[in-house]
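Quick notes on the structure that follows.
The values are calculated or read from the model by the stated rules, or taken from the named source; none is laboratory data. Remember, predicted model here, so these are calculated numbers, not experimental data. Quick reminder, even Gly has a Cβ in these numbers, built from the backbone with ideal geometry, and neighbours come from all protein chains shown. All accessible areas refer to the heavy atoms of the entire protein, side chains included, with ligands and DNA or RNA removed. Shrake-Rupley method; radii C 1.70, N 1.55, O 1.52, S 1.80 Å.
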Amino acid sequence: MNVADDLKLLLADNLQLGARAQSMTRDSALLGALPELDSQGVVQLITAIEEHFGFAVADDEVSADTFATFGTLADFVASKCA
Amino acid sequence: MSAPLQKLVTAAIDHRRVCASAATVALAIAVLAFARAGAQGMDVPGCGTLVNAYGPYDYTNPADVRDHLPIVEQFHFDRGVDALKGHAQSGPQSLGGDLAYTLRAFPNHHRALDAMGRYQLRSKQAPAPGARLTAECYFERAMAFAPRDGVVHMVYGIYLARKGDLDAALDRYLEALQMTPESTELHYNLGLLYADMKRYDDARDQAWIAYGSGFPLLGLRNKLVRAGQWRDPPPEPAPGATPDAGATDAPAAEDGSTSAPSSSGGAESQAESTEPEPATPPTDAVPAEAKPVTEEP
């Protein structure tokens, strides 16, 4: 499983980002940069990540800056999958 | 169904559960029939009627949720539908129909409204395939059915903002603010919208309220930082300190921030002159908002 590739697919599917998701790098900003990441968008993405990767995201993990960039989110997912 | 009728129906059902005499059952049936007759008059201009073979039921009514939501969600709104992939049994070809069914049974189903909006944006068709009506229609129907449900207005605002109709989104958010002024999620989304509109003072006011109440997502703060518009909120005055002429207490500051948007021309100067203190978090605010969700039943 390649976390980064899977994450790009989830972002593309759930936030309707299309090709923009594929061009993301570790430094690509998420929260505060993607208009699609309003509160409902974040809920949608968290639910999709939980289902796809098979773990639960705790409340305090949402409050951390997990969603700052594509890299921080990928690291978070990888750590949960480890 | 009007709000008074809704209360009558709810009271009748609750009463029936406590005292299931023949008389109370008859009364409940009579009230339900009266309510259904009232619903028959509830045509939503250009968007059909709210009358439905099953329902319509209120997503914010605990009795409706308990008695009718599970079966609707089981067959028409599972995780696959919410994710716009299609129901586990009926598949992606029934996505529009499943969303439409859910919103006919529960016109103000918050997640289904959001999903319908996303589905239409994704499909680039209005109505989206199988949906019968446009997403805008489903929102209009929800507002007609549950006019005091502030979350409907917020979710409509989110849809409009995603669509790029920022002025219309602001109208919905401000309407929602009248109904749910304590919703930190609403303040957060309103702040995002103000930032998109480059009304940074208003955006910052909303950020301070949201974060002062424990809202966890840092997107609004990040957005303001990137625009060079973030400032920390002013420190709260020490207990017992005499407020100076420019100081405001928390309730007054919140009032100022929520009324500022209505006078767009003066919003910036007002925001500068009455910088709000962060709102005092309600005791249950952090757990309820820690994982941001709308008011699920």
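A protection proxy built from the mean count of other Cβ atoms within 10 Å ranks the segments B:145-158, B:44-57, B:173-186, most packed first, as B:145-158, B:173-186, B:44-57. Enter the Cα centre distance for the pair segment B:221-240 and segment A:18-82, rounded to the nearest angstrom. About 25 Å separates the Cα centre of segment B:221-240 from the one of segment A:18-82. Each label was represented as a point 7 Å from its Cα along the Cα-to-Cβ direction; for B:PHE75 and A:ALA33 these points are 4.6 nm apart. Averaged over the residues of B:185-193, the number of partner chain Cβ atoms lying within 10 Å of the residue Cβ comes to 2. Note on chain A: helix-only mean residue ellipticity at 222 nm, from DSSP H runs of 4+ residues weighted -39500 (n - 2.57) and normalised by residue number, equals -17000 deg cm²/dmol. Computed on the Cα atoms alone, the convex hull of segment A:3-81 gives a volume of 79 cubic angstrom per residue.
The label-point distance for A:SER79 and B:ALA227, in a model that sets each label 7 Å from Cα toward Cβ, rounds to 3.0 nm.
In this view, the solvent-accessible surface of A:ASP75, computed with a 1.4 Å probe and all protein chains in place, comes to about 80 Å². A simple charge model with +1 on the Cβ of Lys and Arg, -1 on the Cβ of Asp and Glu and nothing else charged puts the dipole of chain A at about 280 debye relative to its Cα centre. Averaged over the residues of peptide B:109-120, the number of Cβ atoms from other protein chains lying within 10 Å of each residue's Cβ is 2. Averaged over the residues of A:42-49, the number of partner chain Cβ atoms lying within 10 Å of the residue Cβ comes to 4. For chain A, the membrane-span-like helix rule (DSSP H, alpha carbon extent of at least 24 Å along the helix axis, mean Kyte-Doolittle at least -0.5) picks out no helix; this says nothing about an actual membrane.
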